[in-house]
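Chemist: Here you go, one structure.
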Amino acid sequence: MKTGEVFIKVKYARILVVLIILAVCVASFTACSSTRYYTVFNTNLTIDVKSSSTPTKDAENVYEYMSGLESILSPTVEGSDIWRINAAEVGVPTSCHQETMEIMRVAEYVFEMSAGAYDPSVYPLVLLWQFGGGQYKSAEIGGFVLPTDEQIASNLALVGLNRAFRVDYDNNTITKLISGAKLDFGGIAKGYASDFARDKVSAKKILINLGGNISVKGKDFVVGVANPARRSRQLFGTAYFGTVPLHDGECISTSGDYERYYFLTTESGEEYYHHIIDTRTGRPADTSGANGIVSATVISTNGAFADAVATAIVVLGKEKGLELLNRLKEDGRYSLSAILIDGNFAYTTFDAEGFKKE
């Protein structure tokens, strides 16, 4: 065989190898992207895997992790940490999982920094206003009953994280101090879950959306801030109020008066009652006018923190909400930026670079 023939055969062999590599790359690229949908924490879970050799398995791992968290953190799942705390006798410590204690650390921090605007002990009032567990679905179809002033006052007396519960981090226990007091991490658990789920998979690039609590890994994503539309608001023609970039390792959480609410028809018109309870009054937070907040979106590297702060801002209103953001920024424990939409549907940003109004 001549030298030229060897060169030609080697050249063709190299081309064949390159073609095979390209084919494998194309096949891998096709296989590495997957979107899966589940239901957990009584809300929708979307898992968008962008770069993984086992995208389906990664999605399943996220779902299994979150289902496990729900069995620990849900106030309605019998045997969960929160269910056992709420069912315990006064003065009897309840042993808790590490995840519960980690969430409680963040909850106590935001509770203190917000002067109680975020308070996981608000659950008696959540139940009274029929927003707990399966209450909402049944009350939404016509069974909602407006609480009396006396009922609000008696349940408000059970609320106050710093006096209703004692936390012992050394022994991983939480003790109820007031009979009838109840915990609910509903305003923080989904942010925690979407955050920590990222580390449970091998995927290099992933987006996890648990009921609007979004966390990302491996790349930047552009995510939408939902319009605060509800029955009484017909002014929004699109689903999104705006968009904001979410960077690798960040989480975004939104709280608003449009997510869960009831309306009652009265002689003067329709009255609306939403699920974010102001622990100072025992009633749904006032979100009306230029100082009211109908939607608070918070971005941070800690999902539980973002979730809790968003709730606190809706309770506080715009002026005091911005004061809280400044205190938290000055304290520097967690990164944060925010987009606030007030009761007049004007928006205010706080270090939210890249936000674009639709």
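Every number here is computed from the coordinates shown, using simple stated rules; none is lab data. Not measured: the values here are computed from a predicted model. Virtual Cβ from ideal backbone geometry, glycine too; neighbours counted across all protein chains shown.
Chemist: By the scheme Lys and Arg +1, Asp and Glu -1, what is the net charge of all other residues having a beta-carbon under 15 Å from that of residue 172?
Modeler: -3
Chemist: Can you pull the one-decimal nm distance between simple spin-label points at residue 319 and residue 35, each 7 Å off the Cα toward Cβ?
Modeler: Label at residue 319, label at residue 35, 4.3 nm between them.
Chemist: To the nearest 20 debye, what charge dipole does the chain have about its Cα centre, counting +1 at the Cβ of each Lys and Arg and -1 at the Cβ of each Asp and Glu?
Modeler: Computed about the Cα centre, the dipole is about 1640 debye.
Chemist: Which of the aspartates and glutamates could a cross-linker span from residue 329 if the Cα-Cα distance has to be under 14 Å and same-chain partners fewer than 8 positions apart are dropped?
Modeler: The qualifying aspartates and glutamates are 351.
Chemist: Now, a different point. Using the Cβ atoms and a cut-off under 13 Å, what net charge is assigned to the surroundings of residue 265, where Lys and Arg are +1 and Asp and Glu are -1?
Modeler: That sum, taken over residues with Cβ under 13 Å, equals -2.
Chemist: With the calculation restricted to Cα positions, what are the radius of gyration and Dmax of region 227-358 in angstrom?
Modeler: 14.9, 51
Chemist: Just want the ordering: 176, 57, 50, 182, from fewest to most Cβ atoms lying within 10 Å of their own Cβ.
Modeler: Lowest count first: 57, 50, 176, 182.
Chemist: For region 113-241, max minus min Cα coordinate along each principal axis, in Å, sorted largest first?
Modeler: Its Cα atoms span 49, 49, 28 Å along the three principal axes.
Chemist: Right, something else. Indicate the gyration tensor shape class of region 152-203 (rounded, prolate or oblate), computed on the Cα atoms with a ≥ b ≥ c the square roots of the eigenvalues: a/c under 1.5 is rounded; otherwise a/b larger than b/c is prolate and the rest oblate.
Modeler: oblate
Chemist: A follow-up question, please. Summing Lys, Arg as +1 and Asp, Glu as -1, what charge do residues with Cβ under 11 Å from the Cβ of residue 343 carry, residue 343 excluded?
Modeler: With Lys, Arg at +1 and Asp, Glu at -1, the net is -1.
Chemist: While we're looking at this one, here's another question. Where in the chain are the helices, taken as whole DSSP H runs, whose Cα atoms extend 15 angstrom or more along the long axis and whose Kyte-Doolittle mean reaches at least 1.6?
Modeler: 3-31, 303-316
Chemist: Right, another one. Over the chain, what relative contact order in percent results from Cα pairs under 8 Å that are six or more residues apart?
Modeler: 16
Chemist: Something else about it: Give me the log10 of I(q) over I(0) for the chain at q = 0.14, 0.15 Å⁻¹, as the Debye formula computes it from C-alpha points; what are the numbers?
Modeler: With one equal scatterer per Cα and no solvent, log10 I(q)/I(0) is -1.19, -1.35.
Chemist: Taking the alpha-carbon centroid of each part, what is the distance from region 156-180 to region 319-358 in angstrom?
Modeler: 31
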